[in-house]
Amino acid sequence: MLNDLTSDEIKASTHAEDLKFRLATVELLRTAKKHYTYRELAAKTDLPVTVLSRYAKGHVLPNKERARQLWSALSKIVGLENEFKRRLKFNSDGYFDNTLLIGDIMLLRQAANYAIARFAGKRITKILTAAVDGVPLATMVANALGVNLVVAKTNKEVGVPSFLEETYVLSNSGYTLTLYIPRDSIKRRDSVLIVDDIIKSGETQSALLNLVYKAKAEVAGIFAMVAVGDEWMEKMKIPPDCQIEVILKIGGGA
């Protein structure tokens, strides 16, 4: 799809993505500042206190290379992955409750910034998710990237003239489920990032992938807060150049 874009459009898109990443890095620095002094952060990032202070106070933005250096150092100490582990509540059967993840706006914002950092340089024009638990995270990611959000639903909305749809079988249930999106919500020139809160069997994400294919758009990547095991990757027809990013991976289990 990139062949359909002019060089000016590609440059503008790349510049915008770089700026979003640099802003996300400053927000991560401000989060780290709540737990560490400037002197401690200087020791961990190899940057002077005065420079860190100017970044945190918004007096100046780090350039792209400095932002990457900062993000790499800060992401190790802010510990988003450990925070996710702490908040996941498992029951006696091995199933977990994700309420403390999808209901915390600050945590979702950090997850969205994680996505910005991981997909920095990627052209993304739409975010696609499935109702309902993926919507809070997808909304934050779409807002952070400044692009529109498309929500695949299990029912057709009155007033929408035409839909793209994908039917799939729910794992080990024998039931089928159909996801619908308005036909014009994803266009041929779009580059779509699929976002969800949790990937378990991969069937829902496969359905979302197929909706992108049916729209003849490009898949920019797949992003999730939590993934259970890795068997889902083998089941999904993921393009070889599709970038997959997951904050926390946990074992298979139930």
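The values are calculated or read from the model by the stated rules, or taken from the named source; none is laboratory data. Since we're looking at a predicted model, the values are computed, not measured. For neighbour counting, all protein chains shown are included, and Cβ atoms are generated from backbone atoms with ideal geometry for every residue, glycine included.
So that you can scan it fast, the table gives a plain yes or no per residue for (1) in contact (Cβ under 8 Å) with a residue 40 or more places away in the chain; (2) farther than 23 Å from L145 by Cα:
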{"site": "E17", "(1), (2)": "yes, no"}
{"site": "F21", "(1), (2)": "yes, no"}
{"site": "E40", "(1), (2)": "no, yes"}
{"site": "V49", "(1), (2)": "no, yes"}
{"site": "L52", "(1), (2)": "no, yes"}
{"site": "V60", "(1), (2)": "no, no"}
{"site": "K64", "(1), (2)": "yes, no"}
{"site": "V78", "(1), (2)": "yes, no"}
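Considered as a group, the residues in the range 78-105 that are in contact with a strand residue (DSSP E or B) (Cβ under 8 Å, 6 or more places away or on another chain) and closer than 20 Å to L28 by Cα include one that is surrounded by the most Cβ atoms within 10 Å (Cβ to Cβ), and that residue is L101. Report, by residue number, each residue of the range 181-197 that is buried (at least 22 other Cβ atoms within 10 Å of the Cβ) and either closer than 29 Å to K85 by Cα or among the hydroxyl-bearing types (S, T, Y) (or both). Scanning the range 181-197 gives V192, L193, I194, V195, D196. Annotation note: Cβ proximity below 6 Å between a residue of the range 182-203 that is under 22 Å from A111 (Cβ atoms) and a residue that is acidic (D, E) (sequence gap 6+ or interchain) occurs for S191/E218; D197/D133. Quick check, is L108 surrounded by 14 or more Cβ atoms within 10 Å (Cβ to Cβ) and touching a strand residue (DSSP E or B) at 6+ places or on another chain (Cβ under 9 Å)? Against the criterion (surrounded by 14 or more Cβ atoms within 10 Å (Cβ to Cβ) and touching a strand residue (DSSP E or B) at 6+ places or on another chain (Cβ under 9 Å)), L108 qualifies. Scanning the range 112-155 for residues that are among the β-branched types (V, I, T), surrounded by 19 or more Cβ atoms within 10 Å (Cβ to Cβ) and part of a loop (DSSP other than H, G, I, E, B) returns I124, T125. If we scan the range 224-234, do we find a residue that is within 19 Å of V150 (Cα to Cα) and assigned by TED's automatic domain parsing to the domain that holds R123? Yes, the conditions are met somewhere in the range 224-234.
Evaluate the range 199-217: report whether one residue or more is of a type in the set (V, I, T), part of a strand (DSSP E or B) and out of contact with any helix residue (DSSP H, G or I) (no Cβ under 8 Å at 6 or more places or on another chain). Checked the range 199-217: no residue is of a type in the set (V, I, T), part of a strand (DSSP E or B) and out of contact with any helix residue (DSSP H, G or I) (no Cβ under 8 Å at 6 or more places or on another chain).
Of all residues in the range 89-145, which are among the basic types (K, R) and either under 24 Å from A207 (Cβ atoms) or touching a residue at least 12 places away in the same chain (Cβ under 8 Å) (or both)? Those that are among the basic types (K, R) and either under 24 Å from A207 (Cβ atoms) or touching a residue at least 12 places away in the same chain (Cβ under 8 Å) (or both): R109, R118, K122, R123, K126.
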